[in-house]
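Rule-based calculations on the coordinates, nothing more; no lab input. If you're wondering where the values come from, they're calculated on a predicted model, not measured in any experiment. Note that each Cβ is placed from the backbone with ideal geometry, even for glycine, and that neighbours are counted across all protein chains shown.
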Amino acid sequence: MDASERDLLAAVAISNSGLFVRLCRRLKVVASCSRIAAALTLFLVHPGLVVLPLTLSAQIQATPALKTLSVEELMNIEVTSVSKRPERLFETASAIQVITREDIRRSGAASIPEALRLASNLEVAQVDAHAWAISARGFNNTTSNKLLVLMDGRTLYTPLYAGVFWDVQDTLLEDVDRIEVISGPSATVWGANAVNGVINIITKKAKDTQGGLLSGGGGTELRGFGGARYGGGVGPDVRYRIYGKYFDRDSSVLATGQDARDSWHSGQIGFRGEWNASQADVVTLQGDLYDGAVHQLTADPIGLGGGNLMSRWEHAFSDSSDLKLQFYYDRTNRRIPASIAEGLDTYDVDLQHRFPLGQRHDMVWGVAYRLIEDDIVNPPTLAFLPPHVSRQWFSAFAQDEVAVVKDRLHVTFGTKIEHNDYTGFEFQPTARLVWKMSTQQSLWGAVSRAVRTPSRIDRELFAPRSPPFILLGSPDFHAEDVLAYELGYRGQLQQRLSLSIATFYNHYDNVRSTERTNPLLPFPVFLANRVKGESHGAELAAEYRPLESWRLRAAYSPLKLHFARKPGSTDPNPGASESHDPNHQFSLRSLLDLAAHLEFDNALRYVSRIDNQSLPAYAELDSRLGWRPSTALEISILGQNLLHRRHAEFGTLPGRREIERSASLRFVWSF
Amino acid sequence: MVILTFAQADAIRIRKSLSALLLLTFTLLFPLLQQSVAGQSSAISEFRVKATFLFQFTQFVDWPTEAFSTAQTPLVIGIFGEDPFGTFLEETVRDERANGHALAVERYRRLEEVKNCHVLFVSGSEASRTGDIVTALKGRSILIVGDSNGFADRGGMIQFVTQENRIRLRINLAAARAANLTISSKLLRPATVINPGPR
C-alpha cells in the first residue's frame, strides 16, 4: 500500500495556473452555461429580497450606529430587558479558542496556516514549502479529513479527500478580524466533517477597513511579498474594500540538505461590499480570484487558480433574533503535471434563523444545499473514476439552548440531518451543558455524534488508471463516525491569570482501513471501514499578565490514539495511514511592550515525536521585534524557526522535506 | 459511455433540484419573515444601550492625568459582579479611543482586583454592597456607575434609571467631583443632577 499511498498523496498534494484565462475559458464551456445562469439568478434575485424587509423594523440598529447618537438620542431609544445577551467566549460549552487580529499581527504570521499555529488546540505541521498538515485531536495527515474550515461562511472543502488545500486559502491577513478554532465535534450547527473540529476564519466588515493600507517586505524564506487594500464608500449606506496581494516563497530542503525545488508564488485579488439597506438589513457581496504556481522537483510546476463569489443577506428582527441567507459559487483548478488535473465548481445556499421562544429558549435552525461538479483528468498511474461527478448535499439542523437557571445553567440540544449522494441520511445530534459558577468561572460538558462522509478518494480512486489495478475503488465505503465525550473548565483565577482546560474521550467507528482482496497477496487492495479507534487527551491553556505591558501564554496538549481491527479486516497496520500525531505539544508565548513604541515577542513550541513517521521531536522559536511609532505604521523584523538551521515537521524519509531557519523584514502602513 | 450518460442525467436532475431549492427558499422565507416580525418586539436590548452609555461616558468625562500611568495606559471599563453585558461592551469599545487611550474591558469579583480602572459598572448582583464599594474606592478617580435603586443617592456617581422603556441618567455631581472627575455639560444637560454641591 505504501507505493499507492504515496502516489495517492502525491495526487492529492495537488496544487495551479493562468487563472483568469482558465477561469474564463471554463466559464465559456457550454455545458455549464445553464448553471452559471442559475448562479447569476440567485445573485441578482436574492439581494432583491431586501426590498421586502426594508420597512419592517426601522428601530433596530447595530452597535456602531448607536455610538454615533447623542446622549439625548440614546435616551430616547426604546429598550427591552427580555432579549438574550450575546455569549462571551468563556460561557460557551465547547473547546473554543479565538485568534484575534492582534494575535496574528504580533505573531508575524504571513499565511493562514502560520496564524493557525496560535491555536493550541490544533496540530499544525508544515510539510514542505506550500503544503500543510492541520488537524485537531489527532488524525493528522496531508489529506486530513475530520476538520471543517470556513472563511466568511464559505466552506473550504475539497470533495477529493474531504479536506482542505491550504496553499490556496488566503486573504489579506490585515483584514482578518478573527479566527475561531473549535476542537471537538460541532457538526450540529456547522455540518459534516466537523468531526474533530471547526476553523472559522472571519474577515473584517468593509466598514472596519476604510482607508488605505500598504504592506510589504521580504526575507530568506518568504522572499518577497506585498499587499494593498483600499476601503471606501458610496453614499452613507454602502461600504466596500478592494485588495490585492502577492508573495514568493523559497523552497524547502530534502533531508540530505539538497534544495527540494518547491519554491512557489501566488497572487490574489478580492473585494467585499456591504450595503446597509436599512437599519435591520445588511447585504454583503464578496469575492476573490487567485493564481499561483508551485515548482516541483521532477516535473513542471503545479498550476493553482480559482475564484469565488458570495452574496449574503442578514436581517435583524431584534437583538436576539436574526436571519441569514447566503449563496456562493466557488471555482478551483489544480493542475499537477505528471499527476491529476482537477477543476471543481461548488454551489452552496445556506439559510439560518435564530429566535427566542418564551423566556428560556434560544432557538437556531437552518437549511443548506450544496452541489459540486468535480472534473478530473487522470494520469496513467492513478485515476478517479468516473472522472467527472456531480454530488449534492442537503442538510437541516435545529438547536435549542434552554436556560434551565437563567445565566447559571444552560443546556443545549440539537441535531443535524444531512443527506448525501454516497450514504444517504446521516444523523448528528449533540447535547451540551454549561454551568456558569460565577462571572469568572464556568464548567461545561458535551456528548456528540458526528460523521465523516465519504469523499472521492474513499470510493472512486483506482491505481493505475486501467486494469490490472493494485488499488480498487470501494463502492461500499461508508461514513466514519465518532461519539465524543467532552468536559471542560474556564476560569479567570485572578485579574491577571486565566486558565482553560478541555478534556475529551472519543470513540471512533468505521474508520478507513486498507484491505486485501486476497488475504494471501499484498495486492490488490481496497479501502473499507474495518477499523475502530479511541482517543483521549486534553487541551490546557493559560494566560498570565505579570505586568500591564507583558503577557505570557502557555499551552500543553497531550493526546493518545489507539486503533484496532474490526472482524474481517486484513489491514496490517490499523489506523497507520490515517493518523500521524505527536503525543505531546507544548507552547510558550511572550508578548512584551517596551519603551519607544517597541514590541518584543517570542514564541517557543515543542512537538513530540511522530512515531509512525519516525519523525523526531522538535522545538522551535520565533522572535519578532516590532516598532510602531503610531497606529498607522509598523516596521518589524521576524526570525522564524531560529533554533535549528533546518527541521522537519511531517512526513517520512526519504521524501521528507525540512523547513529552514528564516528571517524577514516587514512593514505595514495605513493611511 | 454508461458513465457519461449517468453524468448527464445527474446534471439535469441537479439543475432541476437547484431551481426547486430556489423556490423552496423563497416560499419558506416570506411567511417566516412576517411571522417573526409580528411576534417580536423590535426594541433594542437594554444592556446594548447601557454599554453604549458607558462608552459615551469615556468621551464626556475628564480624568486627571495621574489616573493613567503612561500615555499608552488603556482606559479600563470594569464590571463588578455578575456580568449583564455579554459581548455588548467589547463590541462597543472595540477600536475606539478616549482622549488617545485605547479602551479595555475588565471583570472583577472582589474589590481588591479593582486596580487600574476608570469606569466601574456595579452590577445589580452587588446592589446591597453599593455603600461599601463607594467607601472602599473613595479618593480614587473611578467613575462609579450602576443601575440599582437609589444607586446615586448612596454615593454612586451615575445611575441608569429605566422609565417607560427608556434609559435616563441620574448623576451625583458632588461624588464625581470628589473623585476629581469632570463631567461635560453634554452629559449633564439631559441628565437629572442630584447633589450639585458648591460650584
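How would the range A:595-671 be classified by its alpha-carbon gyration tensor: rounded, prolate or oblate, with rounded meaning a/c under 1.5 and the a/b versus b/c comparison settling the rest?
On the way: a/c = 3.78, a/b = 2.74, b/c = 1.38.
In terms of gyration-tensor shape, prolate.
If I model a spin label as a point 7 Å beyond the Cα along the Cα-Cβ vector, how far apart are those points for residue A:419 and residue A:359 in nm?
Spacing of the two 7 Å Cα→Cβ label points: 4.1 nm.
Can you work out the FRET efficiency for the pair residue A:543 and residue B:59, with r the C-beta to C-beta distance and R0 = 30 Å, to the nearest 0.05? Before the final figure, lay out the partial values.
Details: r = 30 Å, r/R0 = 0.99.
About 0.50, to the nearest 0.05.
In the range A:378-443, which trypsin sites (Lys or Arg not before Pro) fall in coil by DSSP and have 15 or fewer other Cβ atoms within 10 Å?
Details: sites: A:391, A:406, A:408, A:416, A:432, A:436; in loops: A:406, A:408.
For trypsin sites (Lys or Arg not before Pro) across the range A:378-443 that sit outside H, G, I, E and B with at most 15 neighbouring Cβ atoms in 10 Å, the list reads A:406, A:408.
Using only DSSP helix segments of four residues or longer, with each worth -39500 (n - 2.57), what per-residue ellipticity at 222 nm results for the protein assembly as shown after dividing by its residue count and rounding to 500? Let's see the in-between values first.
Working: 15 runs with 143 residues, N = 870.
Taken over the protein assembly as shown, the calculation gives -4500 deg cm²/dmol.
Which of the peptides A:299-309, A:567-577 is most tightly packed, and how do the rest follow, going by the mean number of other Cβ atoms within 10 Å of each residue? Intermediate results must be reported in sequence, preceding the final value.
Working: A:299-309: 20.6, A:567-577: 16.2.
Per-residue mean Cβ counts within 10 Å order the peptides as A:299-309, A:567-577.
Place the peptides A:315-321, B:144-150 in order of packing, highest mean first, counting for every residue the other Cβ atoms within 10 Å and averaging per peptide. Intermediate values should be presented prior to the final figure.
On the way: A:315-321: 23.7, B:144-150: 20.4.
Per-residue mean Cβ counts within 10 Å order the peptides as A:315-321, B:144-150.
Based only on other Cβ atoms within 10 Å, what is the fewest-to-most ordering of A:434, A:405, A:238? Don't skip to the answer; put the middle values down first.
Values: A:434 23, A:405 10, A:238 16.
By the 10 Å Cβ count, ascending: A:405, A:238, A:434.
Please give the average number of partner chain Cβ atoms lying within 10 Å of the Cβ of each residue in A:385-393, rounded to a whole number.
Numbers: counts 1, 5, 3, 7, 4, 10, 2, 6, 0.
Across the residues of A:385-393, the mean count of other-chain Cβ atoms within 10 Å is 4.
Considering only A:518, A:356, A:346, whose Cα is most displaced toward the positive end of the charge dipole of the protein assembly as shown, charges sitting on Cβ of Lys, Arg (+1) and Asp, Glu (-1)?
A:356
Hey, got the average number of other protein chain Cβ atoms within 10 angstrom for residues in A:308-321?
Numbers: counts 0, 0, 0, 0, 0, 1, 0, 4, 2, 7, 8, 10, 3, 6.
Per residue, the number of nearby Cβ atoms from other chains is 3 on average.
Considering the zone a paramagnetic label at residue B:115 would reach in this model (a point 7 Å from Cα along the Cα-to-Cβ line), which residues of the range B:70-108 have amide N under 19 Å from it?
Inside the label zone: B:70-81, B:102-108.
What ranking, highest mean first, results for peptides A:329-342, A:534-547 when packing means the other Cβ atoms within 10 Å averaged over each residue? Walk me through the numbers before you get to the answer.
Values: A:329-342: 21.5, A:534-547: 17.1.
Packing proxy ranking, top to bottom: A:329-342, A:534-547.
What distance in nm separates the simple spin-label points at residue A:665 and residue B:70, each placed 7 Å from Cα in the Cβ direction?
2.6
So the label point goes 7 Å from the Cα of residue A:621 along Cα→C-beta, right? Which residues of the range A:539-576 then have their backbone N under 15 Å from it?
From the range A:539-576, the list is empty.
Between residue A:520 and residue A:632, how many nm apart are label points set 7 Å from Cα along the C-beta direction?
It is 8.2 nm.
Out of the trypsin sites (Lys or Arg not before Pro) in the range B:80-185, which ones are loop residues according to DSSP with at most 16 other C-beta atoms within 10 Å? Kindly include the intermediate steps, with their values, before the conclusion.
Numbers: sites: B:94, B:97, B:107, B:109, B:110, B:115, B:129, B:138, B:140, B:154, B:166, B:168, B:170, B:177; in loops: B:94, B:109, B:110, B:115, B:138, B:140, B:154.
Passing sites in the range B:80-185 are B:94, B:110, B:115, B:138, B:140.
Pick out, in residue order, every one of the GluC sites (Glu not before Pro) in the range B:66-96 that is DSSP loop and has at most 15 other C-beta atoms within 10 Å; say none if there are none. Each step should come with its number before you reach the end.
On the way: sites: B:66, B:82, B:90, B:91, B:96; in loops: B:82, B:96.
Hits after loop and neighbour filter: B:96.
Return the Cα extents of the range B:46-194 along principal axes one, two and three, sorted largest first, each rounded to a whole Å.
40, 33, 30
If Lys and Arg each add +1 and Asp and Glu each add -1, what is the summed charge of the other residues whose beta carbon sits under 14 Å from the beta carbon of residue A:253? Can you show the working numbers first?
Working: positive: A:249, A:261, A:645, A:646, A:656, A:657, A:661; negative: A:128, A:221, A:250, A:259, A:262, A:649, A:658, A:660.
Every neighbour counted, the sum reads -1.
Please get the size of the charge dipole for the range B:46-194, origin at its Cα centre, with Cβ charges of +1 on Lys and Arg and -1 on Asp and Glu, quoted in debye to the nearest 20. Can you show the working numbers first?
Working: 18 positive and 17 negative charges, 80 e Å.
Around 380 debye, computed over the range B:46-194.
May I ask for the net charge around residue A:290, where only other residues with Cβ less than 11 Å from the Cβ of residue A:290 are counted and Lys, Arg are +1 while Asp, Glu are -1?
On the way: positive: A:245, A:331; negative: A:167, A:170, A:288, A:291.
Taking every other residue near residue A:290 into account, the sum is -2.
Could you pull out the pairs from A:67/A:406; A:205/A:324; A:204/A:436; A:406/A:436 whose alpha carbons sit more than 20 Å apart here?
Numbers: A:67/A:406 29 Å; A:205/A:324 16 Å; A:204/A:436 30 Å; A:406/A:436 10 Å.
Result: A:67/A:406; A:204/A:436 exceed 20 Å.
For peptide A:573-584, what's the mean number of Cβ atoms from other chains within 10 Å of each residue's Cβ? Display every interim value, and only then the final one.
On the way: counts 0, 0, 0, 0, 0, 0, 0, 0, 0, 0, 0, 0.
Mean inter-chain Cβ contacts per residue within 10 Å come to 0.
Got the relative contact order for the range B:46-194 handy, in percent, Cα pairs under 8 Å and 6 or more residues apart?
Numbers: 258 pairs, mean separation 33.6, N = 149.
Relative contact order here is 23 percent.
With +1 on each Lys and Arg Cβ and -1 on each Asp and Glu Cβ, how big is the dipole of the range A:456-499 about its Cα centre, in debye rounded to the nearest 20?
On the way: 5 positive and 6 negative charges, 68 e Å.
For the range A:456-499, the charge dipole is close to 320 debye.
How do A:443, A:521 line up, fewest other C-beta atoms within 10 Å first?
Details: A:443 16, A:521 9.
Exposure proxy ranking, most exposed first: A:521, A:443.
With +1 assigned to the C-beta of every Lys and Arg and -1 to the C-beta of every Asp and Glu, and no other charges, what is the dipole magnitude of the range A:2-670 about the Cα centre in debye, to the nearest 20?
Charge dipole, the range A:2-670, about its Cα centre: 340 debye, nearest 20.
Have a look at A:398, A:316, A:431 and report the one farthest towards the positive end of the charge dipole of the range A:304-431, computed about the Cα centre with Cβ charges (Lys/Arg +1, Asp/Glu -1).
Working it through, the farthest residue towards the positive pole turns out to be A:431.
Among A:385, A:453, A:475, flag the residue with its Cα farthest along the positive direction of the charge dipole of the range A:348-475, charges on Cβ as +1 for Lys/Arg and -1 for Asp/Glu.
Positive-most Cα among the choices belongs to A:453.
So for the protein assembly as shown, what percent of the C-alpha to C-alpha distances run longer than 44 Å? All intermediate terms of the calculation are to be shown ahead of the outcome.
On the way: 115513 of 378015 pairs.
In whole percent, the long-distance tail amounts to 31.
According to the square roots a ≥ b ≥ c of the eigenvalues of the Cα gyration tensor, what is the shape class of the range A:169-280, taking rounded for a/c under 1.5, prolate for a/b larger than b/c otherwise, and oblate for the remainder?
Values: a/c = 3.57, a/b = 1.31, b/c = 2.72.
Because a/c hits 1.5 or more and a/b fails to exceed b/c, the range A:169-280 counts as oblate.
Taking a ≥ b ≥ c as the square roots of the eigenvalues of the Cα gyration tensor of the range A:298-414, is the shape rounded (a/c under 1.5), prolate (a/b larger than b/c) or oblate?
Values: a/c = 3.40, a/b = 2.83, b/c = 1.20.
Prolate shape, in that a/c is at least 1.5 and a/b is the bigger ratio.
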